[in-house]
Amino acid sequence: MKAILIPVEDHAAIGAVLETALRLAERFGSYMEGVALGPDLAQITAADFSLGGIVFDEQTRNELLNECHAIFSTFMQSRAIAPAPGAAGQASFGWRGDALITEEGIGEYGRIFDVIVVGRPASGLQQPRKSTLEWALFESGRPLLIAPPQPPAKLGECIAIAWNPSPESARSVAFAMPLLLAAKDVPVMLVPGKRLPGPDETELVASLRRHGIAARAVPTNDAAKGPGLAVLETAHGLGADLIVKGGYTQGRIRQLIFGDTTGQIIAETDLPVFMAH
């Protein structure tokens, strides 16, 4: 977890995104790189175009870029984080480029990072975009850390694994191994609903314990309204500060109708979620 990519945009949750990324970086002495996220420019062929009544010309692009850079650098300076390379074993930061990056570009550039930190999507203006999460999740081949609207006070001490024996869950657990090895408690619950073929939660626990991870199987609160809410309520009851969950298992294209479990967790979580597809 030494390299963290942070798409920066002026939305209501950007502070929580940066704080959540910093919690992770402080745990591993990581490098955090900010990039300015702009509108989807891939389909634009003209130099100028109208975006919500605003002419999006080169000057406007530069203003957005500078605004994002200021948000990122001001936050890092306020937390006394050193520019890269920084001292060994301590968090540091850097900024990429002098141009806005598209959501597709986040998916592409994110392939060389250990994790990409994004905000929990929400509808309305000034909110993190679901499309940003989708591009990063489906196109980077890397895990995401989804930041809740309020940043966590701590990260990675008690990590709840929401397990179903899918390839996506297996990849999420594999990517999360540095976090799991450092955790004090790793409760493993089985996601309610249709049982997929493969090892159950007790078999995963046995595997994790071979690595020296403090894993234990726990029952899932099945009284909640929906499997995703059951996972969230169980994690809260355990005192978890992070959930590890596999990505979407009911389809593999961006235009799919998302499954109930993942969709509920992404829509409702107030805990950070570590997820891979």
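Data for the structure
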| read-out | value |
| --- | --- |
| Relative contact order [Cα under 8 Å, 6+ residues apart], the stretch 116-156, whole percent | 44 percent |
| 222 nm mean residue ellipticity, helices alone, for the chain (DSSP H n ≥ 4; -39,500 (n - 2.57); rounded to 500) | -10500 deg cm²/dmol |
| Relative contact order, percent, the stretch 159-276 [alpha-carbon distance under 8 Å, six or more residues apart] | 34 percent |
| DSSP beta bridge pairing in the chain, given as percent antiparallel to the nearest 5 | 15 percent |
| Radius 11 Å from Cβ of P121, net charge of other residues (Lys, Arg +1; Asp, Glu -1) | +2 |
| Relative contact order of the chain, defined on C-alpha pairs under 8 angstrom at six or more residues apart (%) | 19 percent |
| Span from the the stretch 1-32 Cα centroid across to the the stretch 187-220 one, whole angstrom | 29 Å |
| Label-point separation, R96 to A206 (7 Å along Cα→Cβ), nm | 4.2 nm |
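A short reminder: the numbers here are calculations on the coordinates, not readings from a lab. Model, not experiment: these values are computed from the prediction. Because the Cβ atoms are built from the backbone with ideal geometry, glycine has one as well, and the counts that use them run over all protein chains shown.
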